[in-house]
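Novice: To start, I am sharing the structure in question, which I have written as C-alpha cells.
The values are calculated or read from the model by the stated rules, or taken from the named source; none is laboratory data. Please read all numbers here as calculations on a predicted model, not as lab measurements. All Cβ positions, glycine included, derive from the backbone under ideal geometry; neighbour counts span all protein chains shown.
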Amino acid sequence: MSYTSKYFAPGAPNSKVARFTTGKASPDYDFIINLVSKGRVQIRHNALEAARVAANKKLVTLGEEGYLLTVKTYPHEILRENKMIATAGADRLQEGMRKAFGKPIGLAARVHIGTTILELQVKTADLAKGKAALHAAKAKLGVLTDVKVEEIQKAPALTAA
C-alpha cells in the first residue's frame, strides 16, 4: 500500500498543482463540461498541472469572468522510487532489492472509471471553446477520457405576489 499521509513519509514533495480553481464562480453559467476518466490509473501531479495549464491557456480569451475551471482530483498518493545506478562498477555500490523501500519522489491521484478529473463551467456562447480547452487538457493525461456536457438547470425566479 502506498502512503497517503506526509506525516508517515518525511521528505514527500508538495503538489505541483498551483491552483485547483481558476476563473470566477457565478450563477450565470449555462453548461458544465466534465473531463471523465475511462480507465483506472494514477495521474502524476505534474500531469494534472500540465492539463490545467493547457485548458486555461485556451480559456484566457474568455477573460477571468467568463469561466470556472476546477481540478476535481487531488494528488495524495506518495510515490516512491528505489534509485539504481546504471554505470560501470555500480554492482559494488548497490544492494539490488535488499531494503528496497525507496525514497519519495512525487505525488499521484488515483483515478477510477467515471471519475471527473477537470470540471469547466461556461456560458452558452463559449461552449465550443470550453470543449476545445478540455480536448487540449486531455492530451496531457495518460488515460483515455470523455468530454461530457450537461446543462445547468436554473431554478425558476420567484415572483412577488
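Novice: Within the group 123, 131, 138, which residue is touching a Gly at 6+ places or on another chain (Cβ under 8 Å) and either touching a residue at least 24 places away in the same chain (Cβ under 8 Å) or under 18 Å from residue 47 (Cα atoms) (or both)? Outline the logic, then answer.
Specialist: Numbers: 131 fails: touching a Gly at 6+ places or on another chain (Cβ under 8 Å); 138 fails: touching a Gly at 6+ places or on another chain (Cβ under 8 Å).
None of the others qualify; the one that does is 123.
Novice: For segment 1-74, which fully contained strands (runs of 3 or more DSSP E) count at least 1 residues that are free of Cβ contacts under 8 Å to residues at least 60 places away in the same chain and closer than 20 Å to residue 148 by Cα?
Specialist: In segment 1-74, the matching strands (runs of 3 or more DSSP E) lie at 21-23, 67-71.
Novice: Shifting gears a bit: So which of 100, 54 is within 13 Å of the chain's Cα centre (by Cα) and either within 26 Å of residue 14 (Cβ to Cβ) or at pLDDT below 90 (or both)?
Specialist: On the way: 100 fails: within 13 Å of the chain's Cα centre (by Cα).
After ruling out the rest, the residue left standing is 54.
Novice: Residue under question is residue 133, and the condition is that it be surrounded by 11 or more Cβ atoms within 10 Å (Cβ to Cβ) and in contact with a Pro (Cβ under 7 Å, 6 or more places away or on another chain); does it hold?
Specialist: Criteria not met by residue 133.
Novice: Same structure, new question: With the structure loaded, tell me whether residue 110 is part of a helix (DSSP H, G or I), within 27 Å of residue 150 (Cα to Cα) and of a type in the set (Lys, Arg) or whether it fails that test.
Specialist: The answer is no for residue 110.
Novice: Mind checking whether some residue in segment 94-113 is surrounded by 13 or more Cβ atoms within 10 Å (Cβ to Cβ) and under 30 Å from residue 128 (Cβ atoms)?
Specialist: yes
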